Each structure stands twice: as C-alpha cells, then as structure tokens.
1. Does residue 62 count as of a type in the set (Lys, Arg) and at pLDDT below 85?
2. Quick one: count up the residues across segment 126-147 that are small (Gly, Ala, Ser) and part of a strand (DSSP E or B).
3. Check segment 11-23 and report whether any residue there is more than 22 Å from residue 138 (Cα to Cα), aliphatic (A, V, I, L, M), out of contact with any helix residue (DSSP H, G or I) (no Cβ under 6 Å at 6 or more places or on another chain) and part of a helix (DSSP H, G or I).
4. If a residue must be closer than 23 Å to residue 104 by Cβ and either over 15 Å from the mean Cα position of the chain (by Cα) or of a type outside the set (A, V, I, L, M) (or both), how many such residues does segment 121-137 contain?
Amino acid sequence: MKVVYRLVKKDDFNGLLELYDSLSPDDIFYRFMSFHKISPEEISFLINDKNHVTIVAEIDGKVVGEASLFGDGEIAVVVHPQYRNRGIGTTLVKSLIDLGKSLGMTTFKFFTLPDNIPMIKIGRKLGFDIKIKEDEVVAVLRLDERS
C-alpha cells in the first residue's frame, strides 16, 4: 500500500466529500468540535481558503486522510476509518509541522476530547506537551528556531 502525501488540489473536492461521508458523527465531532454534516462549502473552504494549508493522504487515487494547519498553528486531522492505525495521521501531522517550520512557524497546537486516544497518541509521538482536562485536551508543540 503506497500512500501519497500532497497539498490539496481543486480536483480533490469529490474525494474529500467521500472521505467525510465515511466518518461517524463522533469522527466529525473530533475534527470540528461540533456535530454536523459537512457541507460542500466547508469542503471548498478546505481547498480554497488562503489562511490555512491542507494536505491529503491518497491511496490509489482515493483520498483517505486530510489534515489542515491554520495560521495560528492549530492542526486538525482526519483519516478514513478503514485506513487508521497505519501511521497516516501521524505522517499528516508531521508533514504539516515540517511545512509550518518552512514557513517560520514555531508553535503548533491541537484541541480534542479526552476520549480521542488516536490524536493524543499522535501528539505524544511527535513531542506535543499534552494537558488533559476533564472535558478537553490541549496539546502544544513549541520548537526553537534551530529545530
């Protein structure tokens, strides 16, 4: 299984819609911190908005993961349920950190819920400082300028 990681393109619209249609309501909540069905406008935002960068993971032409890095350093990631536990989420987040570093960013963060164990594991693996509260997880990675 060869996974290709690359910047999102306009042609990814349908692939992203299919990815989000594969997700459970809990998955959507972990990604957006709200329950809702992803609209075509939100998919267009992921592709076109200039205030963040989005990377996709693709296998045999199918979008199986998506991760976005926002201007304030916040990272959000989602992986298709059938492709989890294969390192795709970790590689997406690491790719965003590397991209952010190339843009001069030194602080990265994510917010999730305490039961989103996969995201917490990714954060720990990549060196995020993770604070678990009763109803929220705040994870921060601070790099010095030499990293």
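The values are calculated or read from the model by the stated rules, or taken from the named source; none is laboratory data. On a predicted model such as this, the values are computed, not experimentally measured, just so you know. Here the Cβ is made from the backbone with ideal geometry for all residues, glycine too, and neighbour counts use every protein chain on show.
1. For residue 62, the condition - of a type in the set (Lys, Arg) and at pLDDT below 85 - is not met.
2. 1
3. Yes, the conditions are met somewhere in segment 11-23.
4. 4
A quick yes/no check of all residues on (1) closer than 20 Å to residue 124 by Cα; (2) of a type in the set (Val, Ile, Thr); (3) within 14 Å of the chain's Cα centre (by Cα):
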{"residue": "6", "(1), (2), (3)": "no, no, yes"}
{"residue": "33", "(1), (2), (3)": "no, no, yes"}
{"residue": "55", "(1), (2), (3)": "no, yes, yes"}
{"residue": "66", "(1), (2), (3)": "yes, no, yes"}
{"residue": "77", "(1), (2), (3)": "yes, yes, yes"}
{"residue": "92", "(1), (2), (3)": "yes, no, yes"}
